[in-house]
Amino acid sequence: MRQYILLEGNEKDISAAGYEHFKMIHASREVYKDDPTLDKNHIHDCYEIYINIKGNVSFLAEDTVHPISPGDIVIFKPNAYHHCVINEKTVHEWICIWFKAKDPSSILPPFLLSDYSARLTPFELSGMQELFCLCGKLAAAKDEFETLTFLFKAFYFIQTKYIVSLPQNIGMPSVLVEIVSEIKHNLKNIHSLNEITDAFYISSSSLNRYFNNYLGITPSKYIENLRISNACRLLAEGESVQAAFEESGFADYSHFIQIFKKRIGITPGRYRKVAK
């Protein structure tokens with residue numbers, strides 16, 4: 001039977017030292033491929049630090065699949081599309097920390113400022129217990145001072161005890177690596193899946209099989225997620241709603257407004273104002 005256990009949690013607003021909202025969970029659940037309860041639409045306006053404790057999973061981040069081992073960390077920047085890929089039926093235990101930063105360049109370690117995501121591996125597995133201990137203290141923090149203290153200590157530990165790994169797409173067929181790269185870098189000009197199958201000389205069934213087997217998502221939903229993610233980034237940078245619509249490759253303006261509000265919870269115009 002699939003289980004979900006929330007072991008620890010903490011959520012609060014922290015206004016000091018350049019931070020805003022903070023949330024953390026430590027959870028465990030039994031998961032399997034094609035589990036209908038899994039959220040494959042992760043796009044949010046805050047930083048996320050994912051710490052793997054156990055479970056045979058990978059992480060899709062934009063156009064990269066990060067292989068994950070116990071103790072590994074994956075960092076996601078705001079508005080970067082990502083989701084967990086379940087490789088087999090497994091018990092997945094993890095810690096997630098979400099926070100917003102007013103001025104990222106002044107308060108965050110360098111590895112939190114690069115690209116859309118970064119995977120980090122520990123120098124020594126023996127040091128993981130110290131990080132888990134820090135996370136436990138962070139989850140139990142009673143006020144803003146304690147939250148910031150243990151948050152900074154966790155950042156320092158990660159920065160000194162972990163190394164950033166180069167992006168990898170281990171186990172993915174070369175054609176799929178090329179396809180996701182093409183989609184990512186030519187998102188505005190892709191109008192149908194037929195354009196992809198024709199360009200790479202594969203059938204629709206093969207395209208769907210590749211995406212479902214290795215990325216845990218359909219090609220159409222993957223493209224939609226990238227479009228929403230790109231639109232969020234553009235709006236956060238101050239671009240107009242019309243520009244976000246056009247540059248993200250949506251074909252119909254009213255559909256863009258509708259799907260954006262359904263997925264993000266507010267209209268693109270409202271998102272632009274809040275992000276600024």
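Computed quantities for the displayed model
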quantity	calculated
Residue within the stretch 159-172 that is basic (Lys, Arg), in contact with a helix residue (DSSP H, G or I) (Cβ under 7 Å, 6 or more places away or on another chain) and touching a residue at least 60 places away in the same chain (Cβ under 8 Å) present	no
Some residue of the stretch 208-228 being open to solvent by less than 40 Å² (accessible area, probe 1.4 Å), in contact with a Lys or Arg (Cβ under 6 Å, 6 or more places away or on another chain) and either within 26 Å of Cys46 (Cβ to Cβ) or outside any helix (DSSP H, G or I) (or both)	yes
Selection count where residues are surrounded by fewer than 16 Cβ atoms within 10 Å (Cβ to Cβ), touching a helix residue (DSSP H, G or I) at 6+ places or on another chain (Cβ under 9 Å) and small (Gly, Ala, Ser), scope the stretch 229-264	3
Residue match in the stretch 264-272 (condition: under 23 Å from Ile179 (Cα atoms) and touching a Leu at 6+ places or on another chain (Cβ under 8 Å))	no
Residue, least open to solvent (accessible area, probe 1.4 Å), within the stretch 117-146, restricted to residues that are at pLDDT below 85 and among the hydroxyl-bearing types (Ser, Thr, Tyr)	Ser117
First in the stretch 133-151 and in contact (Cβ under 8 Å) with a residue 24 or more places away in the chain, second anywhere and assigned to a helix (DSSP H, G or I) and open to solvent by 20 Å² or more (accessible area, probe 1.4 Å), Cβ under 7 Å, 6 or more apart	Leu138/Phe150; Ala141/Phe150; Glu144/Ala16; Leu148/Ala16; Leu148/Ala17
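The values are calculated or read from the model by the stated rules, or taken from the named source; none is laboratory data. Everything numeric here is computed off the predicted structure, so don't read it as measured data. FYI the Cβ positions are ideal-geometry reconstructions off the backbone, even for glycines, and counts take in every protein chain you see. These accessible areas exclude ligands, DNA and RNA; they are computed on the full protein's heavy atoms, side chains included. Shrake-Rupley method; radii C 1.70, N 1.55, O 1.52, S 1.80 Å.
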